[in-house]
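Contents: one structure, followed by commentary.
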């Protein structure tokens, strides 16, 4: 499971869509992205926590965590794109730590973080199994791994509906929101095809974590997950 060789193409697209990234994401999530981040993080990030925002983009998960737990958390933004990280400073009053790299080789010691957050990013892992293992490694005992992302419904009919939206409707919405650059969001469907169904993802997490809380919305097309070490 994971993007494998498709990862380089996805990374190139992500680099191109930086100017419209946040705006289009809000539109294609039907305005639910902020609500889902809040629901995923609520009660799972605490004041004083050391937090790794993995696949951080502009740091939206971290900004939500600060709303929940206050600014007394230590944030590290971690993303494979340096241009994305360079755009983060304007969104934070207190500059977070920045680190560049991939999920499969997280450059931090064992048991360093209280929480790891992945907002619409784990789906872009080259190897999902390796990414989960690395995140587990850098979490402290009783640490929390929060995932907010697209869900892949287990029901075949509902799954077909979500696929229809992502393949045919989403590009139209992205074009309206982001112009020609918005059309680049069509690659999202490719990442979705390689993403495991909800039950499979839960099973993969339970192979490493002691407990998993799996919340679904939009008939399973959106997920908010917390895995506990």
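Mind checking which residues of the range 89-110 are touching a residue at least 12 places away in the same chain (Cβ under 8 Å) and farther than 21 Å from residue 125 by Cα? So that I can check it myself, show each step before the final result.
Our first condition is that a residue be touching a residue at least 12 places away in the same chain (Cβ under 8 Å); within the range 89-110, this holds for 91-94, 96-106, 108-110.
Residues satisfying the conditions are 91, 92, 93, 94, 96, 97.
Going residue by residue through the range 8-29, is there one that turns out to be at positive phi and over 16 Å from the mean Cα position of the chain (by Cα)?
Filtering the range 8-29 for residues at positive phi gives none.
Among the residues of the range 8-29, not one is at positive phi and over 16 Å from the mean Cα position of the chain (by Cα), which makes the answer no.
For residue 53, state whether it is in contact with a strand residue (DSSP E or B) (Cβ under 9 Å, 6 or more places away or on another chain) and within 15 Å of residue 149 (Cα to Cα). Give the steps one after another, and end with the answer.
Working: in contact with a strand residue (DSSP E or B) (Cβ under 9 Å, 6 or more places away or on another chain): yes; within 15 Å of residue 149 (Cα to Cα): yes.
Considered against the rule, which asks whether it is in contact with a strand residue (DSSP E or B) (Cβ under 9 Å, 6 or more places away or on another chain) and within 15 Å of residue 149 (Cα to Cα), residue 53 comes out as yes.
One residue is enough: does the range 135-148 have a residue meeting the conditions closer than 17 Å to residue 28 by Cα and at pLDDT 95 or above?
Yes, the range 135-148 contains a residue that is closer than 17 Å to residue 28 by Cα and at pLDDT 95 or above.
Of all strands (runs of 3 or more DSSP E) completely enclosed by the range 124-229, which ones contain at least 2 residues that are touching a strand residue (DSSP E or B) at 6+ places or on another chain (Cβ under 6 Å) and exposed (fewer than 15 other Cβ atoms within 10 Å of the Cβ)?
Where strands (runs of 3 or more DSSP E) fall fully within the range 124-229 and carry at least 2 residues being touching a strand residue (DSSP E or B) at 6+ places or on another chain (Cβ under 6 Å) and exposed (fewer than 15 other Cβ atoms within 10 Å of the Cβ), they are 211-217.
Residues in the range 76-118 that are buried (at least 20 other Cβ atoms within 10 Å of the Cβ), modelled with pLDDT under 95 and outside any loop (DSSP other than H, G, I, E, B): how many?
Of the residues in the range 76-118, 2 are buried (at least 20 other Cβ atoms within 10 Å of the Cβ), modelled with pLDDT under 95 and outside any loop (DSSP other than H, G, I, E, B).
Does residue 32 count as touching a residue at least 24 places away in the same chain (Cβ under 8 Å) and touching a helix residue (DSSP H, G or I) at 6+ places or on another chain (Cβ under 6 Å)? Break it down into steps so the answer makes sense when it comes.
Details: touching a residue at least 24 places away in the same chain (Cβ under 8 Å): yes; touching a helix residue (DSSP H, G or I) at 6+ places or on another chain (Cβ under 6 Å): no.
No: the conditions fail for residue 32.
The values are calculated or read from the model by the stated rules, or taken from the named source; none is laboratory data. Predicted, not measured: the structure shown is a model, and the values here were computed from it. Glycine gets a Cβ as well: all are built from the backbone with ideal geometry, and neighbour counts include every protein chain shown.
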